[in-house]
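What follows draws every value from the coordinates through simple rules; no lab data is involved. These figures come from a predicted structure and were not determined experimentally. Here the Cβ positions follow ideal geometry from the backbone for every residue, glycine too, while neighbour counts run over all protein chains shown.
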Amino acid sequence: MILDNEAAIYLGREMYGYPKTFGHVHLDHWTGSATFLAKVEKPKGQTLLQVEFTPEAPLEGSDPQLGGKRVLGLRVIPSPIKGTTPTAKELVPSKMVVKGGETWIGTGSVTFPMCMASHPLHNLKVLKYEGSLYIKGASATIYPADTVYAL
């Protein structure tokens, strides 16, 4: 997840092992077509990734609560001593529930237009696209884990 809110990044990443990083996200609804375009800049002015999403239908039966499935995060806290094992390495189960807003299903794609050594996302290869969701005007709650599993 790429966010522009430091508190959300730190809480989700350090507490629950959600993969999050800071970036500048821009979403353009007004493309002259149904397709939305988004880009992430990191650092500002350098496009790290681009996303395209074409909504096809509202998610049927989406009552105001989406999610509620448990997820498993991998939390790793590196050791301050170079070359040693991480100080903490554990699996953290949690649950995220998204409420409200409108949800659309559709077709999406992602590209990595820049080769940057500091952010090697461009090395990722998209093997297969699964379903894409667009959620607007919602809020999310992460319910804390009741146990963790050390690795």
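Numbers at a glance
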{"quantity": "Under 15 Å, Cβ to Cβ, from Ala88 - net charge with Lys/Arg +1 and Asp/Glu -1", "calculated": "+1"}
{"quantity": "Charge context of Trp104, other residues only, Cβ under 10 angstrom, K/R +1, D/E -1", "calculated": "-1"}
{"quantity": "Proximal aspartates and glutamates to Lys69, defined as alpha-carbon separation beneath 16 angstrom and excluding residues fewer than eight positions away on the same chain", "calculated": "Asp146"}
{"quantity": "Sum of -39500 (n - 2.57) over DSSP H runs of 4+, divided by residues of the chain (222 nm, nearest 500)", "calculated": "-500 deg cm²/dmol"}
{"quantity": "Under the Karplus curve 6.51 cos²θ - 1.76 cosθ + 1.60, θ = phi - 60°, whole-Hz ³J(HN,Hα) for segment 30-36, x wherever Gly or Pro sits", "calculated": "9, 9, x, 8, 6, 6, 9"}
{"quantity": "Proximal aspartates and glutamates relative to Lys20, as straight alpha-carbon distance under 14 Å, when same-chain residues fewer than 8 apart are discounted", "calculated": "Asp4, Glu6"}
{"quantity": "Average Cα contact separation per residue, segment 2-150, under 8 Å, 6 or more apart, as relative contact order %", "calculated": "22"}
{"quantity": "Ordering of 49-55, 23-29, 76-82 by burial proxy (mean other Cβ atoms within 10 Å per residue, highest first)", "calculated": "49-55, 23-29, 76-82"}
